[in-house]
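Below you'll find the structure, written out as structure tokens, and then a few comments.
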Amino acid sequence: MMTWLTFVAAAAFLGVLTEIQAGALRLWIYTPRRMVVINVLVTVGLLFGTTAWLTSGISLPIQFLCGALLGIAYEALNFAGLNGWYFPNNKLWFLKGRAALTVGVGVAWGLYPVLTNLLVGVLKPS
């Protein structure tokens, strides 16, 4: 059985990969810049890693739904005053405006518990 810390580390690793890609493509910009570290360690690592740990063994759609609900709440919190990041021109690809970004990007957060559980499964000793 994998420990909680394994899930947290796996999620944080996925967060680092995501932020490298997002930074290179300038998909979103952190204000202040140190928010990226907080986001990877606390939000992706602790929150979504713990969500993956708690939902391990549950169906992938439920894992995704749990992550998406948390993601929508987190994106809404950012627009409501956290202001930890912004999307250039208030858009990301076909998503334009706060409502579309909150829901669209929030739903994408649902991938973290799923991918974390898949990664932990690959790491599990046979």
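The values are calculated or read from the model by the stated rules, or taken from the named source; none is laboratory data. In this text the structure is predicted, and so the values were computed from the model without any measurement. Here Cβ is always computed from backbone atoms with ideal geometry, including for glycine, and neighbour counts include all displayed protein chains. When the accessible area is computed, the model is the full protein with side chains, heavy atoms only, and any ligands, DNA or RNA have been set aside. Shrake-Rupley method; radii C 1.70, N 1.55, O 1.52, S 1.80 Å.
What to note about this one:
- Using equal-weight Cα scatterers in the Debye expression, the normalised intensity of the stretch 28-84 in log10 at q = 0.25, 0.26 Å⁻¹ is -1.02, -1.06.
- Helical content of the chain, expressed as a calculated mean residue ellipticity at 222 nm, amounts to -18500 deg cm²/dmol (DSSP H runs of 4 or more residues, -39,500 (n - 2.57) each, divided by residue number, nearest 500).
- In a DSSP loop and with at most 15 other Cβ atoms within 10 Å, the chymotrypsin sites (Phe, Trp or Tyr not before Pro) in the stretch 84-126 are Trp93, Phe94.
- Radius, Kirkwood style, for the stretch 4-123 when every pair of distinct Cα atoms is counted (Å): 14.3 Å
- The chain: relative contact order as a whole-number percent, Cα under 8 Å and 6+ apart: 36 percent
- Solvent-accessible surface (1.4 angstrom probe) belonging to Leu123, in square angstrom, nearest 10: 100 Å²
- Spin-label pair Ile29/Leu118, simplified geometry with 7 Å Cα→Cβ offset, distance in nm: 3.2 nm
- Summarising the label geometry, the points placed 7 Å from Cα in the beta-carbon direction at Asn89 and Leu54 lie 3.8 nm from one another.
- Over the chain, accessible surface divided per residue gives 56 Å², non-protein components excluded, 1.4 Å probe.
- Each residue of the stretch 19-24 was assigned a 3J(HN,Hα) from its phi angle through the Karplus expression (A = 6.51, B = -1.76, C = 1.60, θ = phi - 60°), giving 5, 4, 5, 5, x, 5 Hz with x at Gly and Pro.
- 0 to 90° range, to nearest 10: angle between helix 111-123 axis and the chain longest Cα axis: 30 degrees
- Distance between the stretch 10-34 and the stretch 43-80 - C-alpha centres, whole angstrom: 17 Å
- Couplings 3J(HN,Hα) of the stretch 41-47, computed from phi: 6, 7, 6, 6, x, 6, 5 Hz, in residue order, whole Hz [Karplus 6.51 cos²θ - 1.76 cosθ + 1.60, θ = phi - 60°; x for Gly and Pro].
- Charge dipole (debye, nearest 20) of the stretch 4-123; +1 at Cβ of Lys and Arg, -1 at Cβ of Asp and Glu: 340 debye
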